[in-house]
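A.B. asks: The structure that follows is given in the form of structure tokens.
The values are calculated or read from the model by the stated rules, or taken from the named source; none is laboratory data. Every value quoted in this text rests on a predicted model; they were computed, and no experiment measured them. So basically every Cβ, Gly included, is an ideal-geometry build from the backbone, and we count neighbours across all protein chains shown. For accessibility, only protein heavy atoms count, side chains too; no ligands or nucleic acids. Shrake-Rupley method; radii C 1.70, N 1.55, O 1.52, S 1.80 Å.
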Amino acid sequence: SSVENGRPLDPADWAVIDVVNYFKTAGFEEQANAFQEQEIDGKSLLLMTRNDVLTGLSLKLGPALKIYEYHVKPLQTQHLKNNS
């Protein structure tokens, strides 16, 4: 499968470390560690609901909202489009 920035193109193929690096690159250095602690890989990330992100990761609300709205949700939408 194709790779971009050292990560598989399809988030479903991401390992936990790919998810962590994705959020670090996106500017969520602190929050990225929560994904590591919870062992969230790409498949898990694509299944996360807004509630999972806001409450399941013990993140501050502001960053958690941004992570969901600007990253998790778009990744999920794109994944669905590419696989429909």
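A.B. asks: Ile40 is checked against (1) outside any loop (DSSP other than H, G, I, E, B); (2) crowded, with 18+ Cβ neighbours inside 10 Å and fails just one. What number does that condition carry?
C.D. replies: (1)
A.B. asks: Also, I was wondering about something else. How many residues, within the range 9-37, are over 9 Å from the mean Cα position of the chain (by Cα), open to solvent by 30 Å² or more (accessible area, probe 1.4 Å) and within 25 Å of Asn83 (Cβ to Cβ)?
C.D. replies: 9
A.B. asks: Determine the pairs where a residue that is within 12 Å of Tyr70 (Cα to Cα) and part of a helix (DSSP H, G or I), located within the range 19-30, has a partner that is modelled with pLDDT of 95 or more and open to solvent by less than 70 Å² (accessible area, probe 1.4 Å) with Cβ atoms under 8 Å apart, the partner being 6 or more residues away or on another chain.
C.D. replies: Going by the 8 Å Cβ cut-off, the qualifying pairs are Phe23/Gln31; Phe23/Ala32; Phe23/Phe35; Phe23/Ile67; Phe23/His71.
A.B. asks: Please specify each residue of the range 54-68 satisfying the condition of being over 13 Å from Phe23 (Cα atoms) and assigned to a helix (DSSP H, G or I).
C.D. replies: If the condition is that a residue be over 13 Å from Phe23 (Cα atoms) and assigned to a helix (DSSP H, G or I), then Leu54, Thr55, Gly56, Leu61, Gly62, Leu65 are the ones that fit.
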